[in-house]
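This report refers to the structure that appears directly beneath it.
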């Protein structure tokens, strides 16, 4: 990025958008948020004087208690002097502050770690060490950022020797860890061994040297590593003064240029500058070469140029618009998460190596629903264009953090070793944007007894990805409704290994041998409602949901999913016409589950009944309570209103009270109450202020709303403001067979969740 070069229209638009992003709605990207209430005088007396003195004295007597009584054990300082900011160079600490704030956002987003960004106006390495070291009582760890070489080496080494908290220079070791994982997987694909390959390095700064050091620890031979800086190859005849980090890779050879050393090289490690590598250099490399062109924002060579001369090469860059992005966010949040949680006193080489192996292994695992949802339409299966995981792979934290904590304990630097790593992994799930823990009982039940489920939108990529995962997990026998050629093409594009006839049955809406059976069955159901044979034929041809419903009705499937395309009520009409209601149900209803930070809530009726009366609301509550038990949870039902215990006498309040009374009479074993305002439903203390002797214990987890508008609005607002968009549902209640109607906004994860629910008969 040049200061003087004119910006293209696209670059100018990006600049303007970035500046607006940093300015609005609040200046900057981070803030400090209290974790404790400060609403009353007592809160103040606990948070500050006099109550805070007790925490101070406890820490004085035992400094380790700081991890219990302060935020230190979850606080990292991101420290820079602005001498090597991104690809911008020495722009100073103030200009580097947006980068440090951004780093703080990533720590918080991916690992729940709080950050103080610290920009220091100091270039002297020894003075920087003194300043940073003086911050040790404040911080649980230090992430050195954008400090130029060789000072960064000196600073990190001195701080690691001096401090008893983790110190990590991400530009060095973060890049090294990700690059090493990419190289290991690339060599695996090409059938080469790290100990045997020739490595050419373009650049000898902090990142390059750290990468090489880690590769040596993993098995690379220093004699096979050739490093070039701005003056050419680092060799034993160089007359300029070389620092110790470069002298480690000094070679006794007649080779002098990057072009010389790239001839016959198996791996290029580029940590230098845009355009440093030419197509001719790549052409001269060994068969199946690995090209890591990591200069940012413009790589040493563009992938398309490298592949034009060497179609057999595998390329990684630091850019997100090419495959194999070497992005440090794959590493630093999680290595700090593990280090902080075990009280590590430093980041050891063993911890880095553990991180490398976990990242490499994850790239070879089956793609998760979260990754597929975050990168729709991309081909993501282990291979030349998928060497390392994507940054938004939510599994990274549960793989890396425990491995790091384990390595810390084994290398003797963990002050709070984690005894139960399995329990620790489960605890990390709260940082992930998926619902595996909530859904675990359902998944277990589905795996125990897989059922035949028909998917109306069989051509949709979300369906295909969910089916792949469900099949791999052994919990479904799927049938896909869709055109064979379209399904095959989308399976290939998504990088899945599904195959019709082997993994799933296929119902072709354009040509299925059961077409006559389907339309005749539909005619039998609807012939007295104006449906003629021709109308029946046309209806079956144009509606995949109708085909899916008939498949269930005729015994070809045990349940169905639909709704990824089209209107909810149209899908419901087909389900009602063909599958019908359970004999014990007088109504259909829709239930949605939300996973919030502090609650798991079920909201009904979100899609079906406009303005249900008390009797209908009672039935909805009964069906909802039974479904909640399907998840291994005990239902606690609240009938919501604008009123709490008679504070209003309006008809809607009286209706919710009547619904509660009917429900209590029908399901006396279930804790329930109403009419209740939202806060009273969730807080026992609030209810006690109205009626101490109420009939609900704790906070409700099933919220029955007075009408469809209230339920749908409540659900969607909570989904966006508190639930991070993580939901299960809509769960269709009252159907004669499992038949769930999703919505066009459904994610792969939601399709998977609902597949498991359909298999287990949850409705």
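Quick notes on this one:
- Selection status of residue 316, touching a strand residue (DSSP E or B) at 6+ places or on another chain (Cβ under 9 Å), in contact (Cβ under 8 Å) with a residue 60 or more places away in the chain, farther than 23 Å from residue 290 by Cα and not assigned by TED's automatic domain parsing to the domain that holds residue 110: no
- So residue 366, is it within 20 Å of the chain's Cα centre (by Cα) and either in a loop (DSSP other than H, G, I, E, B) or closer than 30 Å to residue 468 by Cα (or both): yes
- For region 709-734, a residue qualifies if it is surrounded by 24 or more Cβ atoms within 10 Å (Cβ to Cβ) and modelled with pLDDT of 90 or more, and the qualifying residues are 711, 715, 730, 731, 732, 733.
- Residues that are at pLDDT 90 or above, buried (at least 21 other Cβ atoms within 10 Å of the Cβ), at negative phi and more than 30 Å from the chain's Cα centre (by Cα) occur at least once in region 696-704.
Residues checked against (1) out of contact with any strand residue (DSSP E or B) (no Cβ under 7 Å at 6 or more places or on another chain); (2) not assigned by TED's automatic domain parsing to the domain that holds residue 106:
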| position | (1), (2) |
| --- | --- |
| 153 | yes, no |
| 207 | yes, yes |
| 219 | yes, yes |
| 222 | yes, yes |
| 249 | no, yes |
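- Of all the residues in region 93-119, those that are surrounded by fewer than 17 Cβ atoms within 10 Å (Cβ to Cβ) and in a loop (DSSP other than H, G, I, E, B) number 1.
- Residue in region 156-163 that is crowded, with 19+ Cβ neighbours inside 10 Å, at pLDDT 95 or above and either outside the structural domain of residue 244 (by TED's automatic domain parsing) or on the phi < 0 side of the Ramachandran plot (or both) present: yes
- Count of residues meeting criterion [in contact (Cβ under 8 Å) with a residue 60 or more places away in the chain and not in a helix (DSSP H, G or I)] in region 28-70: 3
- Looking only at residues in region 459-477 that are within 16 Å of residue 497 (Cβ to Cβ) and without any contact (Cβ under 8 Å) to a residue 60 or more places away in the chain, the one that is surrounded by the fewest Cβ atoms within 10 Å (Cβ to Cβ) is 474.
- Qualifying residue in region 632-644 (condition: over 25 Å from residue 690 (Cα atoms) and in a loop (DSSP other than H, G, I, E, B)): yes
- Restricted to region 205-229, and to residues there that are in a loop (DSSP other than H, G, I, E, B) and in contact with a helix residue (DSSP H, G or I) (Cβ under 8 Å, 6 or more places away or on another chain), the residue that is nearest to residue 357 (Cα to Cα) is 219.
- Enumeration of residues in region 679-695 that are out of contact with any helix residue (DSSP H, G or I) (no Cβ under 8 Å at 6 or more places or on another chain), over 14 Å from residue 657 (Cβ atoms) and surrounded by fewer than 19 Cβ atoms within 10 Å (Cβ to Cβ): 683, 684, 685, 688, 689, 692, 693
The values are calculated or read from the model by the stated rules, or taken from the named source; none is laboratory data. Just so you know, these numbers come straight off a predicted model, no measurement behind them. Heads up, the Cβs are rebuilt from the backbone with ideal geometry, glycines too, and the neighbour counts pull from every protein chain shown.
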